[in-house]
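Here the structure comes first, spelled out in structure tokens, and everything after it is commentary.
None of the figures in this text is laboratory data; all of them are computed from the coordinates on show. In this text, all values refer to a predicted model and were calculated from it rather than measured experimentally. Cβ sites come from the backbone with ideal geometry, for glycine too, and all protein chains shown count toward neighbours.
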Amino acid sequence: MKTKNYFVLLFAFVSMTSCSQDKNPVNYDHDYEVVVPDLTIPWGFVFLPDGSMLINEKEGKMIHFKEGSKMDVQGVPEVFNRGQGGLLDIALHPNYNENGWIYFTFSSPGDNGANTALMRAKLENNSLVNKELLYKATPNTTKTPHFGSRIVFDNEGYLYFTIGDRGDRDINPQDLTKDGGKVYRLNDDGTIPADNPFLSEPNAKRAVYSYGHRNPQGMALHPETGKVWTHEHGPKGGDEINIIKKGANYGWPVISYGINYDGTTLTELTEKEGMEQPLHYWDPSIAPSGMAFISSDKYPGWKGDLMVGSLKFQYMNKVVLKDGKVVKEERFLDGLGRVRTIHQAPDGYIYVGIENMGIVKLLPKKE
């Protein structure tokens, strides 16, 4: 029958074109509550010791959310709010209670465009004071993709941050003399650690810790090993999870599990001597943003699992790890919106920044 043949063809087409991520099970056993409503693109947020929050809206607004009210923080630097640029990640110094330092990344504008910058400041009377520019990638460019950028402190107090390749894939990621497509490491005051890996390389960017990255928009410290983990956007396919090693080359764009957006071949290589393999990759891409390990007891059986946001498919992905491998993935907050950032808060609960919604708290399994 003609009708039967139509459904057979339709089924075959859907099977070929549907995303493998859609086959991951959706967890309906957990609920959520909206903690901070009415946010547009909450790119980053942190919890202050008094339980209030600082939230970076991509458009260039930093919000102090306290006791149910939003207050605009004054003194935020001008940002290049175009494409993927804007006010990006935010983190507290590990000894924030003693020194009050707040760190944030943003697309810093100037002549001929913008590039990613890292700044620190203190909060007084709801204003940023004592601002210090710790790093500014060069040169500026009018291109609007791939600013990165996440911030993490390791257990020794070193500061790591990421900058994407800024849309110059064939120039920046593999060249140590150029910014972009790198993970950087600094001392907390912006100086260069004496054991950074490329100090002896002629003209190399001294802050670089690893290279060959495309656009890392997730970074977290493993709660047991203390190692820095990242994830990064691939092209069409090939989003990656990586464990960052000192001086390592992660291959972009020489090796990749993705292809060009127009469907043409980007590279014939998925591996090459001297270049790291990802711990895990997604094909098709989920467009990952935000990343957090679970170490609390609020969600029984989840310790050691990894939470990753999906911009493309609008859910939070729970990545179950065993013996250093991804063995299972599960979807949460399915369809609420583009998941931009994720944190396990001091209270042990998971908080998630969702575009055009706000910040939500994932509630433990329903009884």
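Can you tell me, using C-alpha contacts under 8 Å and at least 6 residues apart, the relative contact order of the chain as a whole percent? Present the calculation step by step, with values, prior to reporting the outcome.
Details: 967 pairs, mean separation 53.1, N = 367.
The normalised contact order for the chain reaches 14 percent.
For Cα pairs less than 8 Å apart in space and 6+ apart in sequence, what is the mean separation divided by the residue count of segment 93-203, i.e. the relative contact order in percent? List each step's numbers first, then the result.
Details: 203 pairs, mean separation 20.3, N = 111.
RCO, segment 93-203: 18 percent.
Once a ≥ b ≥ c are taken as the square roots of the eigenvalues of the Cα gyration tensor of segment 28-168, is the result rounded (a/c under 1.5), prolate (a/b larger than b/c) or oblate (a/b not larger than b/c)? Mind showing how you got there, number by number?
On the way: a/c = 1.57, a/b = 1.32, b/c = 1.19.
Verdict is prolate for segment 28-168.
Take every DSSP beta bridge whose two residues both sit in segment 40-283, then give the antiparallel share in percent to the nearest 5. Walk me through the intermediate numbers first.
Numbers: 59 of 61 bridges.
In segment 40-283, DSSP labels about 95 percent of beta bridges as antiparallel.
Please report, in debye to the nearest 20, how large the charge dipole of the chain is about its Cα centre when each Lys and Arg carries +1 at its beta carbon and each Asp and Glu carries -1 there. Could the numbers behind the result be given before it?
On the way: 40 positive and 46 negative charges, 140 e Å.
The dipole of the chain has a size of about 680 debye.
Given the -39500 (n - 2.57) contribution per DSSP H run of 4+ residues, what per-residue ellipticity at 222 nm results for the chain, rounded to the nearest 500 deg cm²/dmol?
-1500 deg cm²/dmol
For the pair K23 and N155, how long in nm is the line joining their label points, each one 7 Å along Cα→Cβ?
3.8
Using a Cα-Cα cut-off of under 18 Å, which aspartates and glutamates could be cross-linked to K131, ignoring same-chain neighbours fewer than 8 residues away?
D72, E78, D89, E98, D188, D189
Place +1 on the Cβ of every Lys and Arg and -1 on the Cβ of every Asp and Glu in the chain, take the dipole about the Cα centre, and give the residue among L266, L311, M357 whose Cα lies farthest towards its positive end.
The residue sitting most towards the positive pole is L266.
Would you mind calculating the relative contact order of segment 52-93 from Cα pairs under 8 angstrom and at least 6 residues apart, reporting the percent as a whole number? Kindly include the intermediate steps, with their values, before the conclusion.
On the way: 64 pairs, mean separation 15.8, N = 42.
So the answer I get is 38 percent.
Quick one: P(r) of segment 217-367 from all Cα-Cα pairs, 10 Å bins, percents rounded to integers, in order of increasing distance.
Distribution as computed: 11, 39, 34, 13, 3, 0 percent.
Report the charge-dipole magnitude of segment 234-281 in Debye, nearest 20, computed about the Cα centre from +1 at each Lys and Arg Cβ and -1 at each Asp and Glu Cβ. Intermediate results must be reported in sequence, preceding the final value.
Numbers: 4 positive and 7 negative charges, 36 e Å.
In total the dipole reaches around 180 debye.
I want to verify the translational diffusion coefficient of the chain in µm²/s; compute it with Stokes-Einstein, Rh as the Kirkwood radius over Cα pairs, at 25 °C and 0.890 mPa s. All intermediate terms of the calculation are to be shown ahead of the outcome.
Working: Rh = 21.1 Å.
Roughly 116 µm²/s, to the nearest whole number.
Below 14 Å, Cα to Cα, which aspartates and glutamates can K227 reach? Residues fewer than 8 away in the same chain don't count.
Filter leaves D154, E156.
Place the peptides 53-59, 23-29 in order of packing, highest mean first, counting for every residue the other Cβ atoms within 10 Å and averaging per peptide.
Values: 53-59: 21.4, 23-29: 12.0.
By packing density, highest mean first, the sequence is 53-59, 23-29.
What is the packing order of peptides 270-281, 338-349, taking the mean over residues of other C-beta atoms within 10 Å and listing the highest first? Provide the component values of the computation, followed by the final result.
Numbers: 270-281: 15.1, 338-349: 19.7.
For the peptides 270-281, 338-349, the packing ranking is 338-349, 270-281.
Are any of the pairs K66/K365; K325/K365; K70/K366; K143/K178; K66/K136 more than 21 Å apart by Cα-Cα distance, and if so, which? Walk me through the numbers before you get to the answer.
Numbers: K66/K365 27 Å; K325/K365 25 Å; K70/K366 30 Å; K143/K178 16 Å; K66/K136 31 Å.
In this structure, K66/K365; K325/K365; K70/K366; K66/K136 exceed 21 Å between Cα atoms.
G164: net charge of surrounding residues, Cβ under 11 Å, Lys/Arg +1, Asp/Glu -1, itself excluded? Could you put the intermediate results ahead of the total?
On the way: positive: K143, R150, R166, R169, K182, R214; negative: D165, D168, D179, E232.
Its environment carries a net charge of +2.
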